[in-house]
Amino acid sequence: MDARVQDTTVKGEIDITGVNKVFGQGAAAFHALTDIDLSIATGEFFTLLGPSGCGKTTLLRVIAGFEQPSSGSLRINGAEVAGLGPNRRPVNTVFQSYALFPHMTVAQNIGFGLKMLGKPRREIEATAAEMLRLVRMEALAERRPAELSGGQQQRVALARALAPRPRVLLLDEPLSALDLKLRKEMQSELKRLQTETGITFVFVTHDQEEALTMSDRVAVMSAGRILQMGRPTEIYNAPVNRFVADFIGETNFLVLPVAQTEGDAAHLTLPGGKRAQALLPDGMLPVTGADVTAVIRPEQATIVEPDAGDMTATVDSAVFFGTDTHLHLTLSDGQPFVLRRQNRPGQQPPEPGTALGLSLAPGALRVLED
Amino acid sequence: MRAPLFRGHGWKWLLCAPALTVLLLAASGPLLIVLVYSFLSPGNMGGVVWEFSTEGWFRVFFRRDIFEPDLVTWNQAHLAVFWRSIWLSLQTTLICAFLGFPTAWFIATRPPSTRTVWLFLITIPFWTNLLIRTFAIQEVIRNNGTINTVLMRLGVIDSPIQMMFTDFAVLLGMAYVFLPLMVLPLYAAMEKMDFRLVEAGYDLYASRLMVLWHVILPQVKPGFIAGSILVFIPAIGAYVTPRVLGGGRTMMLGNLIALQFGQGRNWPLGAALAMLMLVVVVGALVLYLRAVNRMEGARRG
Amino acid sequence: MAEKGYSVRRLPGFGLIAVLTFTMLYLPIVILVFFSFNAGPSQAVWDGFSLQWYEAAFQNRQVREVSIRSLWLAATAASFATVLATLAALGTTRGGRFPGQTMIYALINQPLMVPEIVTGIALLIFVAAIKVQTGYTGMGYLVAAHTAFCIPFAYLPIRARLETLDPALEAAAADLYASPVQAFFSITLPLLVPGIVAGFMLGFVISLDTVVITEFVKSAGQDTLPTYMLGQLRRTVTPEMNAIATLFLALSLIIVTAFFLITRTRGR
């Protein structure tokens with residue numbers, strides 16, 4: 001369960017052990033990365049997720065070779081690369097700004113890496129053509145980047161980074177400059193490219209939805225540390241602490257007293273006096289009667305008749321979201337609670353002031369570490 | 001991100017070294033020699049004798065009686081030149097500000113398409129030869145120049161008005177050649193200005209004059225200060241314009257300095273005068289930088 | 001624009017002063033150009049159209065000589081200044097701040113701050129000393145003085161261009177297996193070309209304009225066009241001077257227009 005415990009015997013595509021990155025010196029020193037341990041398997045779509053300034057881009061730049069780690073080891077395909085420049089690593093980057101060379105055509109951009117590797121011209125041209133086909137840009141080979149739309153530039157950036165057939169492709173928030181519709185399109189496009197090429201993708205984003213929908217595994221970062229690593233469902237359903245719970249999706253935080261503990265679960269006293277079972281994090285043994293923070297997702301409670309459910313609440317407001325409606329409620333002890341209800345035809349949102357009963361899905365309630 | 005060659009800062013100095021060498025040899029270094037020369041004794045035919053002396057600096061402000069060297073009086077001729085230099089430079093700055101502000105405003109309020117053209121029209125004189133522009137002014141105000149010829153043909157005057165070799169000529173010439181230096185920073189400040197604030201001013205019942213005073217001027221103040229310093233500094237250092245349009249009686253500091261290296265043949269005095277000019281210019285720059293810092297500080301709170 | 005209703009951008013009288021200013025700015029130049037085509041010897045009385053003063057200027061051996069010297073000096077000094085300024089711009093804009101940077105900026109911009117007359121006599125003293133020591137009286141002094149004076153002007157557009165370059169471009173080149181040298185020659189330098197051309201042009205124009213420094217540095221027989229004109233202005237001048245000035249103006253105008261167009265096409 002604890003994300004920080006890693007099996008170091010597994011040799012992955014990328015193995016990072018004990019990597020630290022400190023900018024500046026002395027009192028002005030800034031710890032951008034602290035004790036990063038990470039192993040990414042070959043062919044995996046791995047995502048670094050976190051708010052801006054959490055260190056995810058720095059970690060990507062360390063893997064790419066733009067920054068050198070202050071300490072620790074970084075192996076790509078088993079070979080130590082710490083200290084090597086970016087031009088000596090079998091990884092390529094798709095930059096957030098795309099960084100397409102404005103004075104070169106699309107084809108020249110795509111062929112640049114192979115040219116620098118000293119490949120013969122025929123091979124460069126063949127690969128460039130193949131890459132253009134792969135990203136469906138055959139018709140625009142002779143255009144300049146300035147003549148392309150944002151989405152087209154994005155595809156060229158991808159093709160350029162894929163052309164030298166790197167072992168690992170690094171993507172630094174590549175979709176953040178696109179509008180919503182194009183972003184959705186590119187998400188599936190990226191997924192398709194990854195499956196077709198079989199290259200390991202390391203993807204950096206601050207968009208939790210993007211991370212959950214595309215990734216095989218996600219590492220949630222904050223303040224230079226990895227807080228939790230796992231499959232998207234694990235991260236969503238079993239956040240290890242308040243930060244992860246809050247950052248991924250929407251969550252209700254309830255402060256509740258412990259009624260009784262048994263094994264890895266505890267019984268908490270809900271507002272109104274009823275009890276509910278909640279999962280405990282590894283190794284946590286709360287004292288009976290002490291307050292703990294428990295989380296529950298807004299869609300994991302359902303509306304029932306008053307007094308029929310686990311808790312009662314009154315409606316403060318209802319916000320219509322199209323597919324669902326968010327009900328802002330106040331529990332009987334005054335704590336706020338947000339409930340998400342799927343909309344059905346003809347269903348009217350309850351009036352403010354209405355009293356409701358809430359029924360919690362089994363296993364939905366989890367106690368947090370802090 | 002870089003190969004070892006590019007680690008550290010040494011390579012940056014290495015790249016700057018050739019330019020810095022040329023600048024030190026042909027621009028900054030010689031200034032130090034001027035400072036040294038200002039404390040030496042003058043040679044007979046120009047040049048210096050390597051003997052320490054403060055006579056050069058002494059003569060900047062004072063003069064000795066030829067027959068009684070102990071009789072010291074203020075050097076009225078020099079003081080008159082200093083005063084004229086400062087007074088003409090201040091007047092030039094004022095004229096440029098008076099003409100430059102409406103001009104910059106005019107450019108800044110044109111639609112973006114024509115604005116570039118107007119701006120270009122201001123930039124052209126800025127980059128064309130100062131000597132030629134001075135020559136053009138000379139053509140206009142000479143005794144047999146455009147103005148006098150036209151006025152005499154029209155019968156307004158019988159004999160030409162003497163404009164050349166007067167303070168007026170120098171002032172006109174300097175205002176003419178330095179005007180773009182006032183307009184450009186003023187325009188830059190106006191371009192950054194938030195016109196919604198002007199609208200807000202009118203919305204809150206301010207008259208045009210009140211808006212100008214309370215809303216527009218405070219916003220373009222940095223441009224005013226930059227423009228004033230950009231005009232004042234070359235005006236204080238002016239040499240060509242007063243030489244062509246002025247005469248012996250309307251000499252400015254620059255001409256007085258040059259004189260010491262020509263007919264005057266008193267290099268230490270000339271060096272001391274040059275240092276004095278440098279002090280005035282650096283002083284003006286320091287005042288400017290302080291004003292900028294204060295405004296930046298005020299903006300950051 | 002203010003005919004209808006109340007425009008917040010209008011300030012009474014400003015338009016008039018602006019038009020007056022533009023007139024004042026251009027009228028003397030227009031008069032100067034106009035009388036260069038005068039058939040008579042006056043610069044105030046029109047005697048009909050003629051190109052005789054241009055002919056006279058072209059046939060004046062001294063004018064030809066000083067013009068060629070001016071152009072040669074401007075081209076040489078601007079070339080040196082551009083190379084030096086490019087290196088300095090790379091050194092001061094790549095890879096973050098470093099100790100001594102402020103001092104380098106101050107040194108580079110120093111010729112802009114110090115009045116030309118002060119630099120002029122400083123160089124006069126310095127050059128006189130070197131002449132006595134070495135006996136060398138060639139164009140080297142003028143080239144060095146003009147180069148130093150042109151450096152800050154050439155530096156300006158090159159640095160501006162470098163600062164607008166996305167640093168990710170060089171990172172991308174390195175990521176795509178380019179060595180630092182390859183990255184510089186295949187990415188940075190080609191993208192820097194407009195800035196370098198603009199820097200050269202500014203340097204060229206500045207060198208052509210420089211009169212005070214040249215006046216004090218030049219040895220006998222090293223007159224440039226501006227110092228020649230300065231000397232001639234003392235005498236009664238004929239429209240021949242107008243013709244020379246007009247040609248000079250035209251050259252500046254062409255360069256400045258080209259500069260304007262180059263620096264305006266950004267991001268290509």
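Couple of notes before you dig in:
- When restricted to residues that are surrounded by 13 or more Cβ atoms within 10 Å (Cβ to Cβ) and under 21 Å from A:Ile235 (Cα atoms), the range A:267-294 contains 9.
- The set of residues in the range B:130-171 being within 9 Å of another protein chain (Cβ to nearest Cβ) and of a type in the set (Ser, Thr, Tyr) consists of B:Thr134, B:Thr146, B:Thr149.
- Residues being more than 22 Å from C:Leu73 (Cα to Cα), part of a helix (DSSP H, G or I) and of a type in the set (Ser, Thr, Tyr) - total across the range C:140-188: 3
- So A:Asp15, is it among the charged types (D, E, K, R) and more than 25 Å from A:Leu117 (Cβ to Cβ): no
- Restricting the range B:229-258 to residues that are hydroxyl-bearing (Ser, Thr, Tyr) and part of a helix (DSSP H, G or I), the residue that is nearest to the other protein chains (Cβ to nearest Cβ): B:Thr241
- Residue check: C:Gly120 meets all listed conditions (1) more than 7 Å from chain B (Cβ to nearest Cβ); (2) closer than 23 Å to B:Ala274 by Cβ; (3) over 19 Å from the mean Cα position of the chain (by Cα) but one, namely (3).
- Residue match in the range A:43-53 (condition: without any contact (Cβ under 8 Å) to a residue 12 or more places away in the chain and outside any loop (DSSP other than H, G, I, E, B)): no
- Identity of the residue in the range A:83-101, without any contact (Cβ under 8 Å) to a residue 40 or more places away in the chain and under 26 Å from the mean Cα position of the chain (by Cα), that ends up nearest to A:Gln194 (Cα to Cα): A:Arg89
- Looking at C:Ala44, C:Ala88, C:Ala18, C:Ala81, just one residue is more than 27 Å from the chain's Cα centre (by Cα), facing chain B (nearest Cβ under 9 Å) and crowded, with 20+ Cβ neighbours inside 10 Å, and that residue is C:Ala44.
- For the range A:221-236, the set of residues classified as in a helix (DSSP H, G or I) and either of a type in the set (A, V, I, L, M, F, W, C) or touching a Gly at 6+ places or on another chain (Cβ under 9 Å) (or both) consists of A:Ile235, A:Tyr236, listed by residue number.
- Of the candidates A:Thr34, A:Thr58, the single residue that is among the hydroxyl-bearing types (Ser, Thr, Tyr) and under 29 Å from A:Arg183 (Cβ atoms) is A:Thr58.
- The range B:70-115 - residue that is among the aromatic types (Phe, Trp, Tyr) and within 11 Å of chain C (Cβ to nearest Cβ) and, of those, surrounded by the fewest Cβ atoms within 10 Å (Cβ to Cβ): B:Phe98
- Exclusive hit being modelled with pLDDT of 90 or more, more than 7 Å from every other protein chain (Cβ to nearest Cβ) and under 30 Å from B:Gly29 (Cα atoms), set C:Arg69, C:Arg97: C:Arg69
- Any hit, the range C:195-217, residues being part of a loop (DSSP other than H, G, I, E, B), away from chain A (no Cβ under 14 Å) and either of a type in the set (A, V, I, L, M) or under 20 Å from B:Thr123 (Cβ atoms) (or both): yes
- Taken over the range A:118-169, the residue count meeting the criterion of being part of a loop (DSSP other than H, G, I, E, B), within 14 Å of another protein chain (Cβ to nearest Cβ) and either surrounded by 15 or more Cβ atoms within 10 Å (Cβ to Cβ) or at pLDDT below 90 (or both) is 8.
- Test set (1) in contact (Cβ under 8 Å) with a residue 12 or more places away in the chain; (2) part of a helix (DSSP H, G or I); (3) more than 9 Å from chain B (Cβ to nearest Cβ) - C:Thr137 fails condition number: (2)
- Sole residue being surrounded by 24 or more Cβ atoms within 10 Å (Cβ to Cβ) and within 8 Å of another protein chain (Cβ to nearest Cβ), chosen from C:Ala154, C:Ala144, C:Ala173: C:Ala173
- Qualifying strands (runs of 3 or more DSSP E) (wholly inside the range A:267-364; at least 3 residues being aliphatic (A, V, I, L, M)): A:275-279, A:291-296, A:301-304, A:311-320, A:324-331, A:355-360
- Selection status of A:Phe112, assigned to a loop (DSSP other than H, G, I, E, B) and within 14 Å of chain C (Cβ to nearest Cβ): no
- Scanning the range A:58-79 turns up no residue that is of a type in the set (Asp, Glu) and either out of contact with any Lys or Arg (no Cβ under 7 Å at 6 or more places or on another chain) or more than 11 Å from every other protein chain (Cβ to nearest Cβ) (or both).
The values are calculated or read from the model by the stated rules, or taken from the named source; none is laboratory data. Keep in mind that this is a model prediction, so the values were computed, not measured. Don't worry about glycine lacking a Cβ; one is built from the backbone with ideal geometry, like all the others, and counts go over all protein chains shown.
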